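The values are calculated or read from the model by the stated rules, or taken from the named source; none is laboratory data. Because the structure is predicted, anything quoted here is derived from the model rather than measured. We place every Cβ from the backbone using ideal geometry, glycine too, and count neighbours over all the protein chains shown.
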Amino acid sequence: MTEQPTVKKKKAGKLERKRKVMSWAFVIIPTFFIVVFYFYPMIQSLWLSLHSGAGIGLEFVGIDNYKRLFNDQAFITAVKNTFIFFIFQIPIMIFLALVFSVVLNNKSLKFKGLFRTLVFLPSITSLVAYSLIFKYLFANGGIVNQVLMFLNVINDPILWLGDPFWAKVLIVIAITWRWTGYNMIFYLSALQNVDPSIYEASTIDGASVIQQFFKITIPMLRPVILFTSITSTIGTLQLFDEPMNLTSGGPGNATTTISQYIYNLSFEYTPNFGYAAAVSYSIVFFVIILTVIQFRLGREKK
Amino acid sequence: MFNKKTALTLGASALLVLTACGNGDSANEGEESEGASGEPNELTVWTWDPNFNVRALEIAEEHYKQDNPDFELEIVENSQDDVIQKLNTSLSSGVETGLPNIVFIEDYRAQSFLSSYPGSFVPLEEYYNTDDFADYKIKAGTYEDEVFNVPFDSGVTGLYVRTDLLEEAGYTLEDVTDITWDEYVEIGKDVTEKTGVKWMTNDHNDLGIIRVMMQSSGVWLTEEDGETPYITDNESLKLGFETYKELFESGVMNVHNDWDQFLQAFNNGEVATVPTGNWITPSITAEDSQSGDWAIAPIPRQTIEGSVNASNLGGSSIYVLNIDNNELAGEFLGATFGSDVDFYQDLATEINAIGAYEPAAEGEAYQVESEFFGGQMVNKNFAEWTQEIPEVEFGGSTYEIEDILAVSLQDYLNGADLDEVLEKAQQQAESGM
């Protein structure tokens, strides 16, 4: 009887050790692949960004590529365009997604599933396919212009693809259409966790629906809003498919994004992979800076 | 039991991932492979455009097979962008597996590839007589005094016009033959006013028409060395910008945004002229209802000394990669694209392709009168104009500089001073070199 505990302990120790070995095995395998397929290319491209030259004729140039970034008008325009896209697009999209999620969370709403699917559906479409369809919809003689002209909103067709301003607007419309439903899902699931009694209490206190939205819903969803705005920012910084297929960066370079510039440097022009790598590291830099800012802003005030 | 099972699962999944990653030889033998097979009698080609380049290769294969029955040609068709991308990634990786034996490269991009990947392409002078071809085509593929290309389509330009609309406005084909761009603009204004049909169509992002003007004047975006940007002092370019603005502001230019809209513009009868490369012929003739209404005239010239009524737009050449079987690839190209007059007759008849091979123009297929073009000998005309195209050094930065100029053009159209925008473009181009 007295020996029982020690046997149990021994058994437990053996089990414990086996469990540890297994856990490490589970950790080590993915770590290995992450190192090989993520960290190694990251470090390799950092090294590559210190070289410059055409094709395979790369030479070590130190930080010259990074210096060149500051004088490269094409790069500066690409950065400006990218920033314009997310400064206008992300707030619009997040606000729309919040409104949709609140409306679709309404208990008394009928056909909830149908509406939720409809709003979410765009985000499962292929980026290239929807870009091409948008291109047809917004062509000079396309259906959007025809409808607007029929409603007498405009007299002449808007050159959605040919005018620097409208081309930017078009890209913003396109990515908003594509990603609003995706973000809505996050808010919808977060709203399920908000205690309904808070709303009941505020209704009794006489709060209007709009007051509830701004005073309760948004503060309650703050962490989720922060999360979605960070992922959306990173997504917009890497924006490629839409400008590539909708406007090919044009007119001029009015809608060229940083990612598209990287593509141009590697495949459209005489390839300079070193400089292209330096440009891609600028995205890393922007992502870090913006994420820090968003964390600061999103932190609850004390 | 539990432990064994888990260990097994783990091991199996790790194995799975590993095998999926290792691109063993088995992957290259399957149908998926797009690179050269390594079979002694088989060649792989990468190209684009199923109706033009691919058809041309198929015709070449038929001709070559007559003497070499064992020969096999594997044609891999992708969009031009994809071909460029695949070629760049394969060549820069330094691995030979997955590369084709033969690849088509647009002339404007040739120098960029030849200088970026020295040693990756094979010189081809020994396989055909370069003197038989128009000089500007040979020059496009010449790098460090060696010829790396076998020229394919000439890219010779013409002015496609709707004679019925000209007539309606009181003009004849004669009036638009051998004219200057200034005259072209003036007639255009009149025709647009009288018929209500736009004179031509263009995409503000595609400066092809300005490239056409420059080559007709014998200059390019870079100086003779192929490197120094030639923008501020480039009279031809400056004049080209002015002509372009005049066409746009006078309202005779229809603006399209992509290739489909371009084709629609003339197929739907929205424009009266199309000044472009002869590769557009199949697209023009695709609209049966307009048969007999079209004619071709030489491309307008610039009001600059030495400018001629002949130019070139976007032709391509064929290159051989420095991998196994490159001798066979060279012989195949030399025997077909490089010297076979009959082959060129078939090309002209079947796909309206005008090669840059001079002896071919004597053949019968070039003497055929085209019903669609009101009885004109279209192939013969193009072949003649091909011989007059001035040769220029394309250099390796055509599209780089053109992207800069597309912005300049946009600024200029919006009212900026021409000298200032070009000055800015010059600086930007220089800083990027």
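Could you count how many residues in segment B:37-51 are out of contact with any Gly (no Cβ under 8 Å at 6 or more places or on another chain) and crowded, with 20+ Cβ neighbours inside 10 Å?
Looking only at segment B:37-51, we keep the residues that are out of contact with any Gly (no Cβ under 8 Å at 6 or more places or on another chain), and these are B:37-43, B:45-51.
Okay, now just the ones that are also crowded, with 20+ Cβ neighbours inside 10 Å, so B:43, B:45-47.
Matching residues across segment B:37-51 total 4.
From the list B:129, B:149, which residue is more than 14 Å from chain A (Cβ to nearest Cβ), under 18 Å from residue B:328 (Cβ atoms) and either β-branched (Val, Ile, Thr) or in contact (Cβ under 8 Å) with a residue 40 or more places away in the chain (or both)?
Details: B:129 fails: under 18 Å from residue B:328 (Cβ atoms).
That would be B:149, the only listed residue that is more than 14 Å from chain A (Cβ to nearest Cβ), under 18 Å from residue B:328 (Cβ atoms) and either β-branched (Val, Ile, Thr) or in contact (Cβ under 8 Å) with a residue 40 or more places away in the chain (or both).
Being in the same structural domain as residue A:239 (by TED's automatic domain parsing) and not β-branched (Val, Ile, Thr) is the requirement here; does residue A:104 meet it?
Yes, satisfied.
Checking segment B:317-329 against the condition returns no match, with no residue being within 30 Å of residue B:233 (Cα to Cα) and surrounded by 23 or more Cβ atoms within 10 Å (Cβ to Cβ). Output yes when any residue across segment A:31-44 is over 27 Å from residue A:236 (Cα atoms), modelled with pLDDT under 90, outside the structural domain of residue A:276 (by TED's automatic domain parsing) and not charged (D, E, K, R), and no when none is. Looking through segment A:31-44, none of the residues is over 27 Å from residue A:236 (Cα atoms), modelled with pLDDT under 90, outside the structural domain of residue A:276 (by TED's automatic domain parsing) and not charged (D, E, K, R).
Consider segment B:391-432 and keep the residues that are of a type in the set (Phe, Trp, Tyr) and more than 18 Å from residue B:245 (Cα to Cα). The one that is surrounded by the fewest Cβ atoms within 10 Å (Cβ to Cβ) is B:399. Note on segment B:325-433: enclosed helices (runs of 4 or more DSSP H) holding 2 or more residues that are in contact with a Leu (Cβ under 6 Å, 6 or more places away or on another chain) are B:326-335, B:398-413. Answer yes or no as to whether residue A:109 is modelled with pLDDT of 90 or more and more than 14 Å from chain B (Cβ to nearest Cβ). Against the criterion (modelled with pLDDT of 90 or more and more than 14 Å from chain B (Cβ to nearest Cβ)), residue A:109 does not qualify.
Of the residues that make up segment B:96-104, is at least one modelled with pLDDT of 90 or more, surrounded by 19 or more Cβ atoms within 10 Å (Cβ to Cβ), within 14 Å of chain A (Cβ to nearest Cβ) and closer than 30 Å to residue B:393 by Cβ? Among the residues of segment B:96-104, at least one is modelled with pLDDT of 90 or more, surrounded by 19 or more Cβ atoms within 10 Å (Cβ to Cβ), within 14 Å of chain A (Cβ to nearest Cβ) and closer than 30 Å to residue B:393 by Cβ, which makes the answer yes.
Identification of strands (runs of 3 or more DSSP E) wholly contained in segment B:134-221 with 3 or more residues that are within 16 Å of the chain's Cα centre (by Cα) and either of a type in the set (D, E, K, R) or farther than 27 Å from residue B:257 by Cα (or both) yields B:149-151. Looking across segment B:380-390, the residues that are at pLDDT 90 or above and surrounded by fewer than 23 Cβ atoms within 10 Å (Cβ to Cβ) come down to B:380, B:381, B:384, B:388, B:390.
Scanning segment B:341-368 for residues being charged (D, E, K, R) and at pLDDT below 90 gives a total of 4. Could you list, in sequence order, the residues of segment B:289-306 that are in contact with a Pro (Cβ under 9 Å, 6 or more places away or on another chain) and farther than 24 Å from residue B:106 by Cβ? Hit for segment B:289-306 is B:306, nothing else. For residue A:258, the conditions (1) surrounded by 21 or more Cβ atoms within 10 Å (Cβ to Cβ); (2) within 13 Å of chain B (Cβ to nearest Cβ); (3) over 25 Å from residue A:95 (Cα atoms); (4) modelled with pLDDT of 90 or more all hold with the exception of (2).
Those helices (runs of 4 or more DSSP H) of segment A:72-178 in which at least 2 residues are within 22 Å of residue A:260 (Cβ to Cβ), considering only elements entirely within it, cover A:73-104, A:127-137.
Give the residue, chosen from B:335, B:286, that is farther than 21 Å from residue B:107 by Cα, surrounded by fewer than 17 Cβ atoms within 10 Å (Cβ to Cβ) and of a type in the set (A, V, I, L, M, F, W, C).
Being farther than 21 Å from residue B:107 by Cα, surrounded by fewer than 17 Cβ atoms within 10 Å (Cβ to Cβ) and of a type in the set (A, V, I, L, M, F, W, C) holds for just one of B:335, B:286, which is B:286.
Results for (1) closer than 28 Å to residue A:51 by Cα; (2) among the charged types (D, E, K, R); (3) within 14 Å of another protein chain (Cβ to nearest Cβ), shown as yes or no for each residue.
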site: A:215; (1), (2), (3): no, yes, no
site: A:222; (1), (2), (3): no, yes, no
site: A:245; (1), (2), (3): no, no, yes
site: A:262; (1), (2), (3): yes, no, yes
site: A:271; (1), (2), (3): yes, no, yes
site: A:274; (1), (2), (3): yes, no, yes
site: A:284; (1), (2), (3): yes, no, no
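The listed residues are A:124, A:143, A:133, and the only one of them that is within 14 Å of chain B (Cβ to nearest Cβ) and either surrounded by fewer than 20 Cβ atoms within 10 Å (Cβ to Cβ) or touching a residue at least 40 places away in the same chain (Cβ under 8 Å) (or both) turns out to be A:133.
Just one residue in the set A:175, A:185 is in the same structural domain as residue A:245 (by TED's automatic domain parsing), surrounded by 15 or more Cβ atoms within 10 Å (Cβ to Cβ) and farther than 24 Å from residue A:82 by Cβ; that residue is A:185.
Among the residues of segment A:167-206, write down those that are under 18 Å from the mean Cα position of the chain (by Cα) and among the small types (Gly, Ala, Ser). Correct list: A:174, A:181. Residues that are in a strand (DSSP E or B) and small (Gly, Ala, Ser) within segment B:300-322 comprise B:316, B:317, listed in sequence order.
In segment A:155-172, the residues that are within 10 Å of chain B (Cβ to nearest Cβ) reach residues that are surrounded by fewer than 20 Cβ atoms within 10 Å (Cβ to Cβ) and part of a helix (DSSP H, G or I) with C-beta atoms within less than 6 angstrom, at least six apart or across chains, in these pairs: A:160/A:166.
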